[in-house]
Amino acid sequence: MVLEHIILSHHGQLEFGAVKLPSTPEAILVSMLDNVDAKTTMALAAARPDYEVANLGGNFTEKQWGAEHEVVQA
């Protein structure tokens, strides 16, 4: 059950795709690590604009997920 909770809550927030909010120390840690990984990927993509992270097609810009205010829930 503990591992299942970690997996279901690793995105940290419902609006980011978490099925549940992290409610154990382990789940909170994994959620925070997932967040750091995502922000590091965004920073690398911004620093290397010639490196294609995702091809959305058309004339659209990618959403900057890290630009939103994040609320840490304990």
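Just so it is clear, none of the values below were taken in a lab; they were calculated from the coordinates. Keep in mind the model is a prediction, meaning the values are calculated, not measured. When we count neighbours, we look across all protein chains shown, and the Cβ atoms used for this are built from the backbone with ideal geometry, even at glycine.
Below is a table of values for the structure above.
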item: Per-residue ³J(HN,Hα) for region 31-46, Karplus 6.51 cos²θ - 1.76 cosθ + 1.60, θ = phi - 60°, Hz, x for Gly and Pro; result: 4, 5, 5, 4, 5, 4, 4, 5, 5, 5, 4, 5, 5, 5, 5, 6
item: Charge sum, other residues only, whose C-beta stays under 13 Å from Leu33's C-beta, Lys/Arg counted +1 and Asp/Glu -1; result: -2
